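A quick write-up on the structure given underneath.
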Amino acid sequence: MNKENKHKLEKLIKKVANIWAFEICSLNIQTNQNPIVIKIIIKKTNGGDISIDDCAIFNNPASEEIENSNLLNCSYVLEISSQ
């Protein structure tokens, strides 16, 4: 994955997070793994605690946006967690 696509992917994930009232604390794309691993750490914009349900809720729209963007032409694992 080149730097331009990585930046586009980061921007896309941040946009999705804002829609769901989450903030991205960390986004790590491990391209040396097979499949690629995308690790996203989120927090609530209101400062509340993140639950496992919040991570699951964010997983679907994040996955859909990544798929629809066509920025990745390979398989990947998406990991959503809290701080």
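A compact table of results
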quantity: Any hit, segment 58-76, residues being part of a strand (DSSP E or B), surrounded by 15 or more Cβ atoms within 10 Å (Cβ to Cβ) and among the hydrophobic types (A, V, I, L, M, F, W, C); calculated: no
quantity: Residue within segment 25-34 that is loosely packed, with under 14 Cβ neighbours inside 10 Å and among the small types (G, A, S) present; calculated: yes
quantity: Tabulated pairs, segment 70-83, first more than 18 Å from I24 (Cβ to Cβ), second part of a strand (DSSP E or B), C-beta under 8 angstrom, 6+ apart or interchain; calculated: C74/I36; S75/I36
quantity: Residue match in segment 5-16 (condition: over 19 Å from P61 (Cβ atoms), part of a helix (DSSP H, G or I) and open to solvent by 70 Å² or more (accessible area, probe 1.4 Å)); calculated: yes
quantity: Top-ranked residue of segment 35-46 - restricted to ones that are open to solvent by 60 Å² or more (accessible area, probe 1.4 Å) and of a type outside the set (D, E, K, R), ranked as farthest from E4 (Cα to Cα); calculated: N46
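Yes or no, residue by residue, for (1) touching a strand residue (DSSP E or B) at 6+ places or on another chain (Cβ under 9 Å); (2) within 18 Å of V16 (Cα to Cα); (3) at pLDDT below 95:
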site	(1), (2), (3)
I29	yes, yes, yes
I36	yes, no, yes
K39	yes, yes, no
D49	yes, no, yes
E65	no, yes, yes
S69	no, yes, yes
L72	yes, yes, yes
S75	yes, no, yes
Q83	yes, no, yes
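The values are calculated or read from the model by the stated rules, or taken from the named source; none is laboratory data. Remember, predicted model here, so these are calculated numbers, not experimental data. Quick reminder, even Gly has a Cβ in these numbers, built from the backbone with ideal geometry, and neighbours come from all protein chains shown. The area values use the complete protein model at the heavy-atom level, side chains included, leaving out ligands, DNA and RNA. Shrake-Rupley method; radii C 1.70, N 1.55, O 1.52, S 1.80 Å.
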